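Below is one structure, written out as structure tokens; comments come after it.
The values are calculated or read from the model by the stated rules, or taken from the named source; none is laboratory data. Treat the numbers as computed from the prediction; the structure is a model and nothing was measured. Here the Cβ positions follow ideal geometry from the backbone for every residue, glycine too, while neighbour counts run over all protein chains shown.
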Amino acid sequence: MSDISLASRLQAAIARRTQAKPVSFFEFWPGAVFYAPVALFWIAQALRHRSLTLPALANPRIEAGGICGESKNDILDLAGAEARRWIAPYIGITTQGLATDADLAMAEAAMAEAGLAYPVVAKPDMSCNGAGVRLVETSADLARYLAEFPRATRLQLQALVPHEGEAGIFYIRHPDETRGRITSVTLKYAPMVTGDGRSRIRDLIAADARLNSVSHLLLPKLGAQAARIPAQGERARLVFVGNHCRGSTFKDGRHLITQALTDRIDAIARDIPEFHFGRFDLRFASPNALRRGEDFSIIEVNGAGSEATHIWDPETSIVEAYRTQFFHYGTAFRIGAAMRKRGTPRYGAWRLFGIWQRQKALMAQYPTND
């Protein structure tokens with residue numbers, strides 16, 4: 001099946017499933033409201049285990065276990081030969097301290113050495129929720145991105161994976177277990193419209209139940225592009241970053257979990273030293289290929305701060321969402337406790353707070369995302 005035919009089928013399927021219920025009633029609650037029960041659960045677990053930062057020990061080779069402030073490049077650099085076969089090629093570079101005109105030459109030299117060619121995906125080394133991620137198709141695009149990027153700050157350039165399907169797969173392995181398991185699969189659908197040769201993009205958005213419900217996220221990003229009239233049959237992707245808080249639709253994909261997929265993800269995870277808890281974000285060729293554990297490329301590995309994102313499926317109940325959150329973060333505490341028992345040094349709360357502050361400050365300086 002070609003990427004085009006797959007994309008068309010995915011778009012049609014998502015349109016059918018979201019007309020009746022385009023968003024869940026809690027999907028766009030303020031973070032402070034939705035995560036309040038999660039914060040209380042975290043505090044209860046901290047009292048029980050006598051440590052507020054215990055999940056930071058779940059993946060001891062990753063800064064803060066991946067709660068926040070972790071390096072995307074450093075995590076991927078941990079991968080052994082087996083895991084690296086499934087990771088999209090990437091390089092890490094650091095912008096110059098003062099001059100910006102030297103950044104492009106440095107970046108393109110690094111790309112050439114690594115065998116990367118345009119288009120590539122540029123992303124900050126330290127960020128979350130797709131902040132600062134941008135598709136870079138030409139040398140001029142990269143020059144603009146680097147000029148907008150903070151000075152003396154690390155970033156990542158990664159090959160653009162051509163597969164249309166995108167998923168997040170959550171993986172857990174207790175340190176005393178020899179094999180891990182998949183606890184969540186989320187299918188991510190970027191917002192897109194299909195032109196009829198007459199309607200503006202903003203009109204096509206208004207005519208779609210899901211897109212209209214998230215138009216407050218889409219239209220400000222589109223700007224003048226919202227007035228463009230796509231040609232008949234033209235598929236226009238409205239955002240590049242596959243994040244539900246930026247307009248993408250997330251669907252529960254746990255029906256795709258098979259023994260073959262579990263074996264593949266487990267082999268990859270066990271080839272990342274002391275990785276026990278987190279989410280693999282990847283692009284895949286087709287659902288059937290994903291079931292077989294084939295034809296996918298990992299674009300990011302997230303640690304203890306990640307969540308099982310199938311909870312943002314519009315059809316997921318709030319009870320199921322909190323049950324899932326409590327299960328996963330409770331597991332993070334239990335894994336952290338097991339690692340502490342093995343002698344892993346504690347991770348101080350002030351240290352974690354400082355890293356979170358640094359990440360927050362950097363994210364405010366990143367270029368706008370696509």
Screening I299, I311 for residues that are outside any helix (DSSP H, G or I) and either touching a Ser or Thr at 6+ places or on another chain (Cβ under 7 Å) or touching a residue at least 40 places away in the same chain (Cβ under 8 Å) (or both) leaves only I299
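Considering only residues that are assigned to a helix (DSSP H, G or I) and either free of Cβ contacts under 8 Å to residues at least 24 places away in the same chain or more than 15 Å from A81 (Cα to Cα) (or both), which ones fall in the stretch 256-275?
Scanning the stretch 256-275 gives L256, Q259, A260, L261, T262, D263.
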Restricting attention to the stretch 298-309, does a residue exist that is modelled with pLDDT of 95 or more, more than 26 Å from A58 (Cβ to Cβ) and in contact with an Asp or Glu (Cβ under 7 Å, 6 or more places away or on another chain)?
no
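Going through the stretch 24-44 one residue at a time, which ones are over 14 Å from A349 (Cβ atoms) and surrounded by 13 or more Cβ atoms within 10 Å (Cβ to Cβ)?
S24, F26, E27, F28, W29, F34, Y35, P37, V38, F41, A44
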What single numbered condition from (1) surrounded by fewer than 14 Cβ atoms within 10 Å (Cβ to Cβ); (2) over 18 Å from G305 (Cα atoms); (3) within 22 Å of the chain's Cα centre (by Cα) fails to hold for K341?
(3)
From the list F284, F275, which residue is in contact with a strand residue (DSSP E or B) (Cβ under 6 Å, 6 or more places away or on another chain) and assigned by TED's automatic domain parsing to the domain that holds K72?
F284
Scanning for something touching a Gly at 6+ places or on another chain (Cβ under 6 Å) and within 21 Å of N369 (Cβ to Cβ), does the stretch 203-213 turn up at least one residue?
no
If A209 satisfies all but one of (1) buried (at least 18 other Cβ atoms within 10 Å of the Cβ); (2) among the small types (G, A, S); (3) in contact (Cβ under 8 Å) with a residue 60 or more places away in the chain, what's the number of the condition it fails?
(1)
Single condition Y322 does not satisfy, out of (1) more than 30 Å from L157 (Cβ to Cβ); (2) crowded, with 20+ Cβ neighbours inside 10 Å:
(2)
Those residues that are in a loop (DSSP other than H, G, I, E, B) and not small (G, A, S), I need them from the stretch 127-158; list them, please.
C128, N129, V133, E137, T138, F149, P150, R151, T153
Cross-chain or 6+ apart pairs with Cβ under 6 Å, the stretch 141-161 first and at positive phi, then surrounded by fewer than 21 Cβ atoms within 10 Å (Cβ to Cβ):
A152/G97
Where residues in the stretch 221-255 are in contact with a Lys or Arg (Cβ under 6 Å, 6 or more places away or on another chain) and under 15 Å from T368 (Cα atoms), which of them is surrounded by the fewest Cβ atoms within 10 Å (Cβ to Cβ)?
V239
For S2, only one of the following conditions fails: (1) modelled with pLDDT of 70 or more; (2) farther than 23 Å from A209 by Cα. What is its number?
(1)
Anything in the stretch 94-146 that is surrounded by 19 or more Cβ atoms within 10 Å (Cβ to Cβ) and over 15 Å from the mean Cα position of the chain (by Cα)? List them, or say none.
T95, D103, A107, M111, L116, V120, V136, L142, Y145, L146
Odd one out for P287, checked against (1) surrounded by fewer than 19 Cβ atoms within 10 Å (Cβ to Cβ); (2) farther than 14 Å from K188 by Cβ:
(2)
